[in-house]
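K.L.:
Below is a structure I'd like to ask you about.
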Amino acid sequence: MAPTAFREDYVEADGVRIRYMEVGQGTPLVHLLGAGGLRLTRAHDLLCRHVRVLAFELPEGPLPEHTLARAVATLGLDTFDLMGTSSAGAAALGLALQEPRRVRALVLEAPAAIRPDNRDADLERRLSGLTTPTLVLFGTADDVVPPAMGRVYKALMSNCHLVFVYAAGHAISADRPEAFAEVVVDFLERHEAFVISRAQTVIHP
Amino acid sequence: MKISFFETVRYRAPEALPPEWPVPSGAYDRDAGAAAYRGMIERLEYVEELGFDWVSVSEHHYSPRILTPSPIVSAAFIAAHLKRITIALLGPIVPHSNPVRVAEELAMLDTMAQGRLVVGLLRGTANEAMTYDLNPQEARERTDEGMELILKAWTEPQPFGWQGRHFQYRTVSIWPRPLQQPHPPTFALGTSRESCEFAARHHLGCGVSYGPFEVMAKATRYYREQCARHGWQPSPEQIIYRANMLVAETDEEAQALLRAQSNQAPFTMRAGVRDAVMTLDSRNIAGEARSPVVSGALPTTFVGSPDTIVEQVRRCREVVGAGVLDLSLHPPGSGDLDSLMRALELFGTKVLPRIREI
């Protein structure tokens with residue numbers, strides 16, 4: 001398969017210039033990338049067969065509170081799905097909390113927003129009121145953020161679903177892109193109904 | 001030293017059976033089967049009385065040699081009849097099981113048996129792969145993943161999904177959880193590099209079987225090295241050695257018993273099947289290749305009078321490092337119950353009391 005042709009562009013909000021890559025058709029998925037910057041993986045190739053991917057490179061340091069929401073609005077996205085990876089998990093949760101009606105569903109890939117040595121009581125209090133359908137993914141071999149942190153999100157958020165991706169480290173989408181993309185696409189399409197398998201088991205009809 | 005009795009049910013076939021695996025199901029005699037399971041409980045009551053620490057059961061299919069295709073059913077039946085002994089379920093063959101079901105059933109069993117459960121998880125012998133159409137080339141990977149999923153199902157307090165290579169579940173949240181926390185004492189059974197590494201990584205025990213002390217010591221040494229690499233040290237009770245033992249009043253009698261044994265492999269297969277298994281399966285001892293097919297009888301590593309056996313057990317502890325011996329006191333497939341009971345009595349009265357402190 002030929003490499004997917006991403007279009008690189010910039011969006012400006014509150015005087016902050018944010019670089020992003022876009023590809024695909026359909027429901028927009030805003031992906032806030034982690035500290036590694038704008039590095040796309042095979043998982044993006046797989047995701048863009050199903051959704052319109054807009055991968056954002058977050059500038060270093062904290063953004064003004066509503067800048068991300070304004071940036072997304074500038075791109076003309078009224079409602080959208082949102083994904084945050086690792087250190088961008090906190091920004092994704094912040095945006096979901098600010099814009100509960102615009103964010104249709106939230107995916108957190110190995111989020112670092114809650115860590116055993118750095119619990120944010122205020123964030124955790126606010127999360128308990130977030131009803132956005134949320135998928136939290138941890139690799140079973142993550143040695144950056146303990147996968148056991150997944151249960152904290154699951155316990156706090158009423159519509160949160162925790163999935164362990166076997167044999168993946170912190171960079172789940174790079175380590176097991178097919179497994180990652182399959183569950184993300186299914187969740188974005190069906191939200192909590194994704195627990196019902198649609199796999200075919202007929203060997204010979 | 002802890003002592004475990006390996007219970008194989010001892011089906012006594014009224015007529016000679018074909019040796020090849022799978023043994024035709026039509027040759028099964030239901031009266032002989034009923035007698036075998038009744039006899040199992042009577043025997044185990046005696047085993048408990050003699051002071052054995054554990055009784056172990058295993059999973060084998062399509063043959064009368066070890067009549068426990070579902071070791072969980074055996075273990076539950078035994079747990080209900082015996083009140084003190086620990087039940088060692090060694091164990092579910094993980095690659096062809098539903099790991100979540102295994103986690104649930106073992107948690108039930110641990111709770112119903114009031115914490116008298118020990119678990120061994122394993123890949124299974126080469127012929128077992130054929131039982132449920134498992135691709136032998138996938139068996140190792142499915143075992144590792146399945147074991148990890150069982151541990152996760154026991155310990156994760158929140159409902160979770162599992163996006164595996166071979167197993168996929170969108171939601172898992174088992175009830176009951178095990179009585180023993182975080183889970184029953186668990187062993188990864190096998191001599192392979194992969195099995196030892198898995199055990200070390202997850203702080204599990206290790207179990208080896210049948211081979212001579214020096215060969216098994218390669219695996220247990222490798223296991224201990226891997227544990228050290230992961231920053232911990234296993235206790236002797238975390239190493240099980242399963243073996244055949246022939247004990248008699250004198251060394252001469254024991255040697256005569258050994259000479260009288262058949263040298264037939266426990267599971268013979270058609271040549272074409274065996275050759276195909278050899279090319280599809282691979283096995284190793286701490287990384288050194290070994291044949292996936294057992295060509296002769298499994299070795300008997302303890303042979304002699306009570307005095308000789310005590311010395312052999314001492315040597316086993318030194319060389320293999322095992323703190324648990326899981327014993328067949330008679331060839332596992334043999335239906336000669338009188339000899340088995342004599343061996344049990346001799347071992348229980350003349351050997352067992354002397355090896356506890358080893």
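Only the coordinates and a few stated rules stand behind these numbers; no lab work does. This is a predicted model, so every value here is computed, not measured. Quick reminder, even Gly has a Cβ in these numbers, built from the backbone with ideal geometry, and neighbours come from all protein chains shown.
K.L.:
Using unit Cβ charges (K, R positive; D, E negative) and no other charged atoms, how large, in debye to the nearest 20, is the dipole of the range B:139-265 about its Cα centre?
P.N.:
640
K.L.:
I would also like to ask the following. What percent antiparallel are the DSSP beta bridges of chain B, to the nearest 5? Could the numbers behind the result be given before it?
P.N.:
On the way: 6 of 42 bridges.
The antiparallel proportion sits near 15 percent.
K.L.:
Using Cβ counts within 10 Å as a stand-in for footprinting exposure, how do B:Glu237, A:Glu178 rank, fewest first?
P.N.:
Arranged by neighbour count, lowest to highest, B:Glu237, A:Glu178 become A:Glu178, B:Glu237.
K.L.:
Taking chain B as a Gaussian network, Cα atoms linked when under 10 Å apart, which of B:Gln255, B:Gln264, B:Gln158 shows the biggest mean-square fluctuation?
P.N.:
The residue that fluctuates most here is B:Gln158.
K.L.:
Right, something else. If you project the alpha carbons of the range B:96-183 onto their three principal axes, what span does each projection cover, largest first, in Å?
P.N.:
Result for the range B:96-183: principal-axis Cα extents of 36, 29, 16 Å.
K.L.:
Using Cα-only point scatterers and the Debye equation, what is log10 of I(q)/I(0) for the protein assembly as shown at each q in 0.06, 0.09, 0.12 Å⁻¹, rounded to two decimals?
P.N.:
-0.39, -0.75, -1.10
K.L.:
Helix check for chain A. Which DSSP H runs span at least 18 Å along their own axis by Cα, with a mean Kyte-Doolittle hydropathy no less than -0.5? Walk me through the numbers on the way to the answer.
P.N.:
On the way: long enough: A:177-190 (19 Å, 0.39).
Those that pass (Cα extent of 18 Å or more, hydropathy at least -0.5) are A:177-190.
K.L.:
From the Cα trace of chain B, what convex hull volume per residue do you get, rounded to a whole Å³?
P.N.:
134
K.L.:
Continuing with the same structure: What does the average come to when, for each residue of peptide A:143-156, you count the partner chain Cβ atoms lying within 10 Å of its Cβ?
P.N.:
Neighbouring Cβ atoms belonging to other protein chains average 2 per residue here.
K.L.:
Now a separate question. What spacing in nm lies between the two simple spin-label points modelled at B:Arg315 and B:Ala276, each 7 Å away from Cα in the Cβ direction?
P.N.:
That separation, rounded to one decimal, is 4.2 nm.
K.L.:
Follow-up. So what's Rg/Rh here for the range B:260-333, counting alpha carbon atoms and using the Kirkwood radius for Rh?
P.N.:
Ratio of gyration radius to Kirkwood radius for the range B:260-333: 1.05.
K.L.:
List every DSSP H helix in chain B whose Cα atoms extend 18 Å or more along the helix's own long axis and whose mean Kyte-Doolittle hydropathy is at least -0.5.
P.N.:
Span-like helices, by this rule, are B:30-50, B:99-112, B:306-320.
K.L.:
For A:Ile18, B:Ile93, B:Ile85, which order do you get if you count the other beta carbons within 10 Å of each Cβ and list the fewest first?
P.N.:
On the way: A:Ile18 20, B:Ile93 26, B:Ile85 23.
The fewest-first ordering by Cβ neighbours comes to A:Ile18, B:Ile85, B:Ile93.
K.L.:
Considering the dipole of the range B:2-355 built from charges on the beta carbon (Lys and Arg +1, Asp and Glu -1) around the Cα centre, which of B:Val100, B:Pro159, B:Ser305 is farthest to its positive end?
P.N.:
B:Pro159
K.L.:
On to the next question. So which aspartates and glutamates can B:Lys350 reach, going by Cα to Cα under 12 Å and dropping same-chain residues fewer than 8 places off?
P.N.:
Once the sequence-local aspartates and glutamates are set aside, what remains near B:Lys350 is B:Glu249, B:Asp307.
K.L.:
Computed FRET efficiency, Cβ-Cβ of B:Ser334 and B:Ala228, R0 35 Å: what is it to the nearest 0.05?
P.N.:
0.30
K.L.:
Using the number of other C-beta atoms within 10 angstrom as an exposure proxy, rank B:His96, B:His202 with the fewest first.
P.N.:
Final ranking by Cβ density, sparse to dense: B:His202, B:His96.
K.L.:
Would you mind working out the magnitude of the charge dipole of the protein assembly as shown relative to its Cα centre, with +1 at each Lys and Arg C-beta and -1 at each Asp and Glu C-beta, to the nearest 20 Debye?
P.N.:
Approximately 280 debye in magnitude.
K.L.:
A follow-up question, please. Of all trypsin sites (Lys or Arg not before Pro) in the range B:176-281, which ones are in loop regions per DSSP and have a Cβ with at most 16 other Cβ atoms within 10 Å?
P.N.:
B:Arg270
K.L.:
Where a Cα-Cα gap under 23 Å defines reach, which lysines qualify for B:Lys152, not counting those fewer than 8 residues away within the same chain?
P.N.:
A:Lys154
K.L.:
Let a ≥ b ≥ c be the square roots of the eigenvalues of the Cα gyration tensor of the range A:16-190; is it rounded (a/c under 1.5), or, if not, prolate (a/b larger than b/c) or oblate?
P.N.:
Since a/c stays below 1.5, the shape of the range A:16-190 is classed as rounded.
K.L.:
Still on this structure, I have one more. Could you grab the relative contact order for the range B:2-355? Cα pairs under 8 Å, six or more apart, rounded to a whole percent.
P.N.:
Working: 692 pairs, mean separation 66.0, N = 354.
Once normalised by length, the contact order is 19 percent.
K.L.:
Another question, then. About the Cα centre of the range B:2-355, what is the dipole size in debye to 20, counting +1 per Lys and Arg Cβ and -1 per Asp and Glu Cβ, all else neutral?
P.N.:
With Lys and Arg at +1 and Asp and Glu at -1, about 680 debye.
K.L.:
I've got another one for you. Connecting C-alpha atoms closer than 10 Å in a GNM of chain A, tell me which of A:Pro100, A:Pro133, A:Pro147 has the biggest fluctuation.
P.N.:
Result for chain A, Cα springs under 10 Å: A:Pro100 fluctuates most.
K.L.:
Cut-off under 29 Å on the C-alpha distance; same-chain residues fewer than 8 positions from B:Lys218 excluded. Which lysines are left, in chain and number order?
P.N.:
Result set, ordered by chain and number: B:Lys2.
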